[in-house]
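Student: Sharing a structure here in structure tokens format.
The values are calculated or read from the model by the stated rules, or taken from the named source; none is laboratory data. Note that this is a predicted model, so its numbers are computed, not measured. Here the Cβ positions follow ideal geometry from the backbone for every residue, glycine too, while neighbour counts run over all protein chains shown.
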Amino acid sequence: MPYVWKMLGDIGSIRSCWVLLFFYVLFDFAAALIPAASLCLLSYAKRRVSYPLSARLKQHYSIHIFEARARLDVPTFEDPAVQRQLDSASSFNGQSVAWGTFTMVSGLATTAVKVVTQVSVLADVLKTQQDGPLLALLSFVPSLGEWLGWQRASLLVGGG
């Protein structure tokens, strides 16, 4: 987890991405809080921001990967194990590792916001109902499934 925080701090240090990062997180959290609006407007806005943000992060980290490759001597550079490590650090499933990690952390945070808002609304509505706790428990199954999906994705990314 400390590497994720370092990478998020590194992403935050890219000044040209601040506005795009702000709007991406804003749209992501607004989509978590306002599900009806996320169906149309916020999803569109998030897609429009994500492409240039992803491209800038890919460009930023491509420079780091290039510098790392340039520092290697020829025998080390030609080692297949080193090549695999450099290739895995540069992209994952066709996207940069930084972008994949950022979207995963953002998705986990918005899932947490969804669960907290659902808990507060359900606690208020169902506190006087006879089968309220059962209904509340059943309503969290989709959120639990989404959370487990993120856990599976993080295990795949982390290699564990």
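Student: Given Val49, Val115, Val82, which one is without any contact (Cβ under 8 Å) to a residue 40 or more places away in the chain, surrounded by 14 or more Cβ atoms within 10 Å (Cβ to Cβ) and under 30 Å from Gly132 (Cβ atoms)? Can you show your working first?
Tutor: Details: Val49 fails: under 30 Å from Gly132 (Cβ atoms); Val82 fails: under 30 Å from Gly132 (Cβ atoms).
Residue meeting the stated conditions: Val115.
Student: Answer yes or no as to whether Val82 is hydrophobic (A, V, I, L, M, F, W, C), within 28 Å of Leu42 (Cα to Cα), out of contact with any Pro (no Cβ under 6 Å at 6 or more places or on another chain) and not in a loop (DSSP other than H, G, I, E, B).
Tutor: Values: hydrophobic (A, V, I, L, M, F, W, C): yes; within 28 Å of Leu42 (Cα to Cα): no; out of contact with any Pro (no Cβ under 6 Å at 6 or more places or on another chain): yes; not in a loop (DSSP other than H, G, I, E, B): yes.
Answer is no for this residue.
Student: Right, here's the next one. Which residue out of Leu138, Leu122, Leu134, Leu108 is closer than 22 Å to Ala32 by Cβ and exposed (fewer than 12 other Cβ atoms within 10 Å of the Cβ)?
Tutor: On the way: Leu122 fails: exposed (fewer than 12 other Cβ atoms within 10 Å of the Cβ); Leu134 fails: closer than 22 Å to Ala32 by Cβ; Leu108 fails: exposed (fewer than 12 other Cβ atoms within 10 Å of the Cβ).
Selected residue: Leu138, the only one of Leu138, Leu122, Leu134, Leu108 that is closer than 22 Å to Ala32 by Cβ and exposed (fewer than 12 other Cβ atoms within 10 Å of the Cβ).
Student: In addition: Residues Leu8, Leu41, Leu26: which one is assigned to a helix (DSSP H, G or I) and in contact (Cβ under 8 Å) with a residue 24 or more places away in the chain?
Tutor: Numbers: Leu41 fails: in contact (Cβ under 8 Å) with a residue 24 or more places away in the chain; Leu26 fails: in contact (Cβ under 8 Å) with a residue 24 or more places away in the chain.
The conditions single out Leu8.
Yes/no matrix, rows are residues, columns are (1) part of a helix (DSSP H, G or I); (2) polar (S, T, N, Q); (3) over 25 Å from Ile11 (Cβ atoms); (4) touching a helix residue (DSSP H, G or I) at 6+ places or on another chain (Cβ under 6 Å):
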| position | (1), (2), (3), (4) |
| --- | --- |
| Arg48 | yes, no, no, no |
| Arg56 | yes, no, no, yes |
| Tyr61 | yes, no, no, yes |
| Asp87 | yes, no, no, no |
| Leu122 | yes, no, yes, yes |
| Val125 | yes, no, yes, no |
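Student: Checking the condition modelled with pLDDT of 85 or more and within 30 Å of Gln118 (Cα to Cα), which residue from Arg71, Arg56, Arg47 passes? Before you say what the answer is, go through the steps one by one.
Tutor: On the way: Arg71 fails: within 30 Å of Gln118 (Cα to Cα); Arg56 fails: within 30 Å of Gln118 (Cα to Cα).
After ruling out the rest, the residue left standing is Arg47.
Student: Could we say that Ser38 is out of contact with any strand residue (DSSP E or B) (no Cβ under 7 Å at 6 or more places or on another chain), among the small types (Gly, Ala, Ser) and modelled with pLDDT under 85 here? Even if it seems obvious, please write down each step before you answer.
Tutor: Values: out of contact with any strand residue (DSSP E or B) (no Cβ under 7 Å at 6 or more places or on another chain): yes; among the small types (Gly, Ala, Ser): yes; modelled with pLDDT under 85: yes.
For Ser38, the condition - out of contact with any strand residue (DSSP E or B) (no Cβ under 7 Å at 6 or more places or on another chain), among the small types (Gly, Ala, Ser) and modelled with pLDDT under 85 - is met.
Student: Only residues that are within 16 Å of His64 (Cα to Cα) and in contact with a Ser or Thr (Cβ under 7 Å, 6 or more places away or on another chain): list them for the stretch 5-41, please.
Tutor: Met7
Student: With respect to Gln129, is the statement that it is without any contact (Cβ under 8 Å) to a residue 40 or more places away in the chain and not in a helix (DSSP H, G or I) true? Let's see the steps before the verdict.
Tutor: Numbers: without any contact (Cβ under 8 Å) to a residue 40 or more places away in the chain: yes; not in a helix (DSSP H, G or I): yes.
Yes.
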